[in-house]
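Colleague: Sending over a structure as structure tokens; questions will come in a sec.
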């Protein structure tokens, strides 16, 4: 998931949510003994807390835009002020512009950010580098109410490195009036003959992790490559996926960074086919646009953003208070609705918290769909990822994916 620019303290560069729909309509830590101290601790040396002490009065976060809101962007959107009033923990935050910036901020030994809400390509690298502290789920009220599949993504052996925040899946969306027959999967975007039919009217997600969709396409087309896990590719497999994307590039109108960019492309008629999240068809459908989204036949990929604790956290007790707060159904509802993503806590869709149509569009509580999603993680030289046992070390790491993505989509 691509991070975008944000300003320290107000998170003003967030997704265009309610405004997007209007536009469319117009245009169409450590143990608590260590927790209370201020001594430096090397990354990876922190153990999960056994109990919770009094808050330290502050918490400093690195965030994706839109995940820490105090009413500065929209006076009706504020889950920071109630948290501060309830806990006494003053929230400070910084929005990272890119995954690389977020990784750098949280791995810098001269900085002591308490935590972050991080996408998978950041979380995995920070865990591998020893820059995150494991958390004790027993100290997080509501943890067991979060989707079990999502909780499992943050486990490394007996340790848990974070609390699920939100999630989503990658779909193929099309304009039902312009695209016939209806697409069935990634081949509609990546097969040269099919992509050529809609040349100049295709949009794609701008992320190195989108290489995984090309890998799924190849897995069903070229069995000689022996692709098993789309996020764990050898150098030849990565090169083959990159060639598919390079061949597709002349037909792509736009690689979208913000979800609203894809909405605008479809709303203005510039795009008729593309790779999206559930957000875009939900917004466009409510605006009366004739679009549909399909779950790709070759396999559906997805992502999860998670709240994590830094290994050098200066305010771990306030971090646990924040983890509790953001896991609650009411705060999950606000974050999900504001960002146009699925909440990790399905209770956010209970009662009158979220619109039924929103929850249905984002497949909240749909365990059958959730079980099919191949969730992203940071590619590693260890084949099979960080959770693999006895994995060979001949796979391409995330840096290699970044280079391959740039070469395939920018030249």
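The values are calculated or read from the model by the stated rules, or taken from the named source; none is laboratory data. Everything numeric here is computed off the predicted structure, so don't read it as measured data. Counting neighbours? That spans all protein chains shown, and the Cβs are built from the backbone with ideal geometry, glycine included.
Colleague: Tell me, which helices (runs of 4 or more DSSP H) wholly within the range 1-99 include 1 or more residues that are modelled with pLDDT of 85 or more?
Modeller: It comes to 80-87.
Colleague: Further question on the same structure: Kindly evaluate residue 335 against the criterion of being farther than 20 Å from residue 295 by Cβ, modelled with pLDDT of 95 or more and within 16 Å of the chain's Cα centre (by Cα).
Modeller: Taking the combined requirement at face value, the residue satisfies it.
Colleague: On the basis of being at pLDDT 95 or above, in the same structural domain as residue 398 (by TED's automatic domain parsing) and touching a strand residue (DSSP E or B) at 6+ places or on another chain (Cβ under 8 Å), does residue 200 make the cut? Full working, then the answer.
Modeller: Working: at pLDDT 95 or above: yes; in the same structural domain as residue 398 (by TED's automatic domain parsing): yes; touching a strand residue (DSSP E or B) at 6+ places or on another chain (Cβ under 8 Å): yes.
For residue 200, the condition - at pLDDT 95 or above, in the same structural domain as residue 398 (by TED's automatic domain parsing) and touching a strand residue (DSSP E or B) at 6+ places or on another chain (Cβ under 8 Å) - is met.
Colleague: Out of (1) touching a helix residue (DSSP H, G or I) at 6+ places or on another chain (Cβ under 7 Å); (2) assigned to a loop (DSSP other than H, G, I, E, B), what's the single condition that is false for residue 351?
Modeller: (1)
Colleague: Among the listed residues 138, 114, which satisfies the condition of being at pLDDT 95 or above, over 17 Å from the mean Cα position of the chain (by Cα) and surrounded by 16 or more Cβ atoms within 10 Å (Cβ to Cβ)?
Modeller: 114
Colleague: Go through 361, 342, 376 for me and flag whichever is within 22 Å of residue 154 (Cα to Cα) and in contact with a helix residue (DSSP H, G or I) (Cβ under 6 Å, 6 or more places away or on another chain).
Modeller: So the residue among 361, 342, 376 that is within 22 Å of residue 154 (Cα to Cα) and in contact with a helix residue (DSSP H, G or I) (Cβ under 6 Å, 6 or more places away or on another chain) is 376.
Colleague: Take residue 163 and decide whether it is at pLDDT 95 or above, over 15 Å from residue 343 (Cα atoms) and touching a strand residue (DSSP E or B) at 6+ places or on another chain (Cβ under 7 Å). Lay out the reasoning, then the answer.
Modeller: Working: at pLDDT 95 or above: yes; over 15 Å from residue 343 (Cα atoms): no; touching a strand residue (DSSP E or B) at 6+ places or on another chain (Cβ under 7 Å): yes.
When the stated conditions are applied, residue 163 does not pass them.
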